[in-house]
Amino acid sequence: MSEVQTQSPSRDDFAAMLEASFAGQDLAEGTVVKGRVTAVENDFVTVDVGLKTEGRIPLREFTGPGSTAPSIGDDVEVYLERIENALGDAVISRDKARREESWDRLEKAFEKKEPTNGAIVGRVKGGFTVDLGGASAFLPGSQVDIRPVRDVGPLMNIEQPFAILKMDRPRGNIVVSRRAVLEESRAEQRAELVGQLAEGEAREGVVKNITDYGAFVDLGGIDGLLHVTDMSWSRVGHPSEVVEVGQTVNVQIIRINPETQRISLGMKQLMSDPWEGIAAKYPVNATFKGRVTNIAEYGAFVELEPGVEGLVHVSEMSWTKKNAHPGKIVSTSEEVDVMVLDVDADKRRISLGIKQTQGNPWDLLAEKHPIGSTIEGEVKNITEFGLFVGIDDDIDGMVHLSDIDWNKSGEAAVADFNKGDVVKAKVLDIDVEKERVSLGIKQLDGDPMDSSGVGRGQTITVTVSEITSGGIEVTFGDDGAMKSFIRKSDLSRDRDEQRPERFAVGDKIDAKVTNIDKGSRRVSLSIKALQIAEEKEAVEQYGSSDSGASLGDILGAALKEQGDTPAETKKPAAKKAEAKAEEASDDAPDFDKMTKAQLVEYAEANDIEIVKSAKVAEVREAVKAGAAK
């Protein structure tokens, strides 16, 4: 049996005890009161709080962290929940008393923003439970330490300071943070260490962590960032290529931010700068060997020496491959010959060129294919403005739409070609500076306008090929290679005859050339102009326009006079009429090939009745019938 401790009052003290008992009647439930331990039996402690009955408290409530079991006669503070229960005992609690004491103490610390001591006693969802000397608080997992902690075991049941973040007494809710205390302590320590450092100072440190953008170096209680660009003068792909965790390195303090207390470090600053005197070391137009270190969309970087790189722009890689990706011309780690094009020591930039170390095929092109020579090549590409024909050494020449065919429009002419066709073309122009070659396909054949023999003011015979409401389209020259359009107003001198429908496709008619424009390749024709010229010539030779005689009357009189007029005294027009008459007597004329003017002239000369306003077909039939008689 466990030992039983008792204490019995004497008879002399009875009156005092009775008075104290009556005084206890003023105690209120829900408050902390003082009591005296009267017995410690088994696992319970009996406490007299001055009422008629005593209360019992479990012994474990007295034996928490930092507490010892009470003895008989000790005065303790307990929380009075009820003065008397159904058994007549007082309901009291030591834990609740301690909790009330703790809340009072914690509220004062919270108001003053002071840390309070406690111990991590358990794990709950999302964090841990902390005993703050009787009051239970919640410690979130993110507030345990500055960096994530995988094992909290070593921190359990150890008294340590915590900062109170939030308190809600009615709900009994307290949130604490161990991290805030550590950060404050660290900030004080960091400020002290930062004060001991100076920019430009060289220090020894230990690499603590490596990231993609650099490494963190411990300078003895404070970390600094060693950025990847400050590790070496040469290109560094990843910080792990230069340093490793745990390695001791010599670094220079580049910059200290007094506000954030962040420290920037550098290793290359302790080495000699390879860019010093770079212009003298790598003069412009000099050729060197280098190694390709990186390839980008716009070019390739070539290392001339450790720490010195130059850029070869994509436009300086090849004379002929203009739109190729740099990766198709060079490869990483490849050794190449480069020429220095420009040096900017202040911006630490060097412009290099690869094509300048090779012969320029454009210089040889003019010698190999001079202007006027004929080349044969494959159609490499077809665009909206022409054909690109391969010549040699990856050099293409362009045949513009206007240089494909003499007679067809550019869009119609380019439709006759396909990619891959082998064609012949004439070299029209070579521009070495702009790296352009102009070719022509139509120039291989002579200009139909030059070979047609057509001149301004000349009368030519044309064939009607198409009839429209605005006029007629005709062809002439060798095999009808030339085309022209006679407007409606130029179809006749008489307005009644200016009707395109009076002509038929295939009709042969005479017209006068009124204008030749080689630039636009147009030959302007006019039947009206021919009629006016013929009438003018006849009037000048055989009559006056004021006499009232018509052209038919004048020509008829001229033909009648031909028999009495000596040949040597006849005018040119009379000779022409006589020649036509003689020709008609020898051989019957081809009325189908005669124009309407010729038919009218023939009819008047041979007294054949016709209707001048009739269509050419009707006039032709009337002349044929009259000639047959």
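The values are calculated or read from the model by the stated rules, or taken from the named source; none is laboratory data. Quantities reported herein were computed from a predicted structural model and do not represent experimental measurements. Please note: Cβ atoms are built from the backbone with ideal geometry, for glycine as well, and neighbour counts cover all protein chains shown. Calculation scope for accessible area: heavy atoms of the full protein, side chains included, ligands and nucleic acids excluded. Shrake-Rupley method; radii C 1.70, N 1.55, O 1.52, S 1.80 Å.
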Computed E for LYS328/GLU621 - FRET, C-beta separation, R0 60 angstrom, nearest 0.05
0.20
Is there a pair in LYS483/LYS624; LYS380/LYS483; LYS321/LYS419; LYS34/LYS108; LYS289/LYS321 whose C-alpha atoms are over 28 Å apart, and which pairs would that be?
LYS483/LYS624; LYS380/LYS483
Tell me, Kirkwood radius of segment 250-404 from alpha-carbon pair distances, in Å?
19.1 Å
Express the C-alpha Rg of segment 104-230 as a ratio against the empirical globular expectation 2.2 N^0.38 Å, rounded to two decimals.
1.33
Give me P(r) over segment 389-441, computed from all C-alpha to C-alpha distances, binned every 10 Å, as integer percentages.
24, 53, 21, 1
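With r defined as the distance between the Cβ atoms of LEU225 and GLU297 and R0 fixed at 45 Å, what FRET efficiency is calculated, to the nearest 0.05?
On the way: r = 30 Å, r/R0 = 0.67.
E(calc), rounded to 0.05, equals 0.90.
Using 0.36 nm times the number of residues separating GLU367 and GLU501, minus their current alpha carbon distance, what extension gain do you get?
Length difference between fully extended and current span is 42.4 nm.
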Compute from the Cα atoms of segment 207-297 the Rg and the Dmax, the latter being the longest Cα-Cα distance, and quote both in angstrom.
16.4, 53
Give me the extension gain from ASP273 to THR374: residue separation times 0.36 nm, minus the current Cα-Cα distance, reported in nm with one decimal.
30.6 nm
Those residues of segment 482-520 whose amide nitrogen sits under 15 Å from the label point placed on THR461, 7 Å along Cα→Cβ
506-512
Go through segment 415-427 residue by residue and turn each phi into a ³J(HN,Hα) via Karplus (6.51, -1.76, 1.60, θ = phi - 60°); whole Hz please, and just put x for glycine and proline.
5, 7, 10, 10, 4, x, 5, 9, 10, 9, 8, 9, 6
Simple label model, 7 Å out from Cα along Cβ direction - ASP392 to ASN257, nm:
6.4 nm
Compare LYS289, LYS281 by solvent-accessible area with a 1.4 Å probe and give them largest first, with all protein chains kept in place.
LYS289, LYS281
Once amide H atoms are placed 1.01 Å from N in the peptide plane, what residues at a sequence separation of 5 or more from LEU265, or on another chain, have their amide H within under 5 Å of its amide H?
LEU225, LEU226, HIS227, ILE254
Segment 141-174 residues near the modelled GLU184 label - backbone nitrogen below 17 Å, point 7 Å along Cα→Cβ
143-146, 160-167
Residue by residue through segment 274-284, what is 3J(HN,Hα) from phi via Karplus (6.51 cos²θ - 1.76 cosθ + 1.60, θ = phi - 60°)? Round to whole Hz and write x for glycine and proline.
x, 7, 5, x, 5, 5, 6, 6, 10, x, 5
What the Cα atoms of segment 363-415 span along the principal axes, largest first and in whole Å, is 34, 21, 15
Heavy-atom accessible area of LEU197, protein chains in place, probe 1.4 angstrom, given in Å² to nearest 10, is 20 Å²
Solvent-accessible area of ASP496 with every protein chain in place, 1.4 Å probe, in Å² to the nearest 10
110 Å²
Multiply the residue gap between LYS424 and ASN407 by 0.36 nm, knock off their C-alpha separation, and tell me the result in nm, one decimal place.
4.3 nm
Per segment 217-258, sqrt(5λ) over the Cα gyration tensor eigenvalues, sorted largest first, in Å, gives 19, 14, 8
Kindly sort ASP342, ASP607 by accessible area of their heavy atoms, largest first, with the probe set to 1.4 Å.
ASP607, ASP342
Nearest-0.05 FRET efficiency for SER489 and ASN515 at R0 = 22 Å, using Cβ-Cβ distance, is 0.90
Pairs from LYS528/LYS615; LYS408/LYS442; LYS536/LYS593 whose Cα-Cα separation, in the structure shown, is over 19 Å
LYS536/LYS593
Let a ≥ b ≥ c be the square roots of the eigenvalues of the Cα gyration tensor of segment 171-324; is it rounded (a/c under 1.5), or, if not, prolate (a/b larger than b/c) or oblate?
prolate
Karplus-derived 3J(HN,Hα), 6.51/-1.76/1.60, for each residue of segment 374-388, Hz, glycine and proline x:
9, 10, 10, x, 8, 6, 7, 7, 10, 10, 6, 10, x, 10, 10
Taking a probe of 1.4 angstrom, what is the accessible area of GLU618 in Å², to the nearest 10?
100 Å²
